[in-house]
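Novice: Could you have a look at this structure, given as structure tokens, before my questions?
All of the numbers you see were taken from the coordinates with simple rules; none came from a lab. Keep in mind that what you see is a predicted model, and the values were worked out from it rather than measured. For neighbour counting, all protein chains shown are included, and Cβ atoms are generated from backbone atoms with ideal geometry for every residue, glycine included.
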Amino acid sequence: MLNNELTTQVFSIENEMEKLDLDIDRKDEVLAIVENLDLIKNPQKVLELGANNRDSLADLSNQMLSLVTNDQLGVMGELMTDITVKLKRTDFSIGSDKSNIPLIGGLLAKIGNSKDRLITKFKTVESQLNDNLLQVAEAQKGLQLNNDSLTKLFEHTISVYTQLGFAVIAGRYKKNELIGLIESLNSEGTDLAKQRANAYSQILERLDKRITDLELLRLSALQTLPQITFLQNNNIALIEKFQTISGLTIPAWQRQLMLALNILDQKKYSQLGEEIDNFTNETLLESAKDFKETSIHIAKQSNRQVIDIETLQKVQL
């Protein structure tokens, strides 16, 4: 039992738990480790202190490595880059084509051809984008699963961090207990007491090293937490970017096509109206010219004699 009065007077588990920011209500878990750590009867118990937590931390590292090396993040990044490139390369500009305006029938045909080419271009790129989006959606599911796994790893790491803290405090408790026991044996002055003190000192040395190792493992667990958060944030950022592309960028790109088609119609039909106006004016001018020439000719004919004087002169004998 924990009945070493010298130790309990100078060592407070509650104070140690406060120093390590641990929940004092879980003091019984520390006491359970202390009870099991009977180093006098079994010095090999030093090796068991925090061993399960050490193995758990190693397993956490392997799981993180597995999540990082599955390359879901890289695949999704490449797909989204490909989508962005396709969007940027799509040219919906109408261009200028005012020279050699065809007659009305030809202009109407040209309007239809321009729209057909634009729609064909859109459908080709849209088909490619749909394939990319399906692949990205699958990659997104993988990233979401990764994040679920990372969340579990985060909570597990906190648990390991806490358990390592319990092991450290239990080790410190036993260390303090051994120091008191060694001091007591040394004060006896007998050869047997000195031998026992020497044996306990060796146990103390190994325990001290074990405590240091556990403190380093605990620090490592603490440093793992922001790494997990970093990975989660990267995944979330990419998922959000995909949602932006699929929910905002692609629809905006589609609206750009509709605008381009509308502009094309307005531009070409404006040219058609201009051509019709020109044709109407040219027709009116030609009609007026023909009317004027006909009127002059009729007027001349009205003033003309039936038989010209020149004709009479030539036919006189």
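Novice: Hey, any idea what the orientation-averaged projected area of the convex hull of the range 214-288's Cα atoms comes to, in nm²? Numbers along the way, then the final one.
Specialist: Values: hull surface 25.2 nm².
Hull-based average projected area comes out at 6.3 nm².
Novice: What list of ³J(HN,Hα) values in whole Hz, one per residue of the range 136-143 in order, does the Karplus curve 6.51 cos²θ - 1.76 cosθ + 1.60 (θ = phi - 60°) give from phi, with Gly and Pro shown as x?
Specialist: Once θ is set to phi - 60°, the couplings for the range 136-143 become 5, 4, 5, 5, 4, 4, x, 5 Hz.
Novice: To continue, here is another question. Express in nm, to one decimal, how much length is gained between Asn198 and Asn233 on full extension, taking 0.36 nm for each residue of separation and deducting their alpha carbon distance. Please report the intermediate quantities before stating the final value.
Specialist: Numbers: separation 35, 0.36 × 35 = 12.60 nm, distance 5.35 nm.
That works out to 7.2 nm of additional length.
Novice: Please give the net charge around Ser127, taking every other residue with its beta carbon less than 12 angstrom from that of Ser127, where Lys and Arg add +1 and Asp and Glu add -1. Show your work: numbers first, answer last.
Specialist: Details: positive: Lys86, Lys121, Lys123; negative: Glu126, Asp131.
Net charge around Ser127: +1.
Novice: If the limit is 20 Å between Cα atoms, which of Lys45/Lys152; Lys152/Lys241; Lys121/Lys241; Lys27/Lys175; Lys123/Lys267 go over it? Don't skip to the answer; put the middle values down first.
Specialist: Working: Lys45/Lys152 31 Å; Lys152/Lys241 24 Å; Lys121/Lys241 25 Å; Lys27/Lys175 18 Å; Lys123/Lys267 22 Å.
Pairs exceeding the cut-off: Lys45/Lys152; Lys152/Lys241; Lys121/Lys241; Lys123/Lys267.
Novice: Which whole-angstrom value gives the distance between the alpha carbon centres of the range 129-171 and the range 236-260?
Specialist: 29
Novice: Once fully extended, how much extra length lies between Lys292 and Lys141, figured as 0.36 nm per residue of separation less the alpha-carbon to alpha-carbon distance?
Specialist: Numbers: separation 151, 0.36 × 151 = 54.36 nm, distance 8.20 nm.
Length gained between Lys292 and Lys141: 46.2 nm.
Novice: Now a separate question. Tell me, what ³J(HN,Hα) does each residue in the range 182-197 have, in order and in whole Hz, if you take phi through Karplus 6.51 cos²θ - 1.76 cosθ + 1.60 with θ = phi - 60° and put x for Gly and Pro?
Specialist: Per residue, the Karplus-derived 3J(HN,Hα) values read 5, 4, 5, 5, 5, 6, 5, x, 7, 5, 5, 5, 5, 5, 5, 4 Hz.
Novice: Sticking with this one: Using 7 Å Cα-to-Cβ label points, what is the Ser246/Glu14 separation (nm, one decimal)?
Specialist: So the two model labels end up 5.5 nm from each other.
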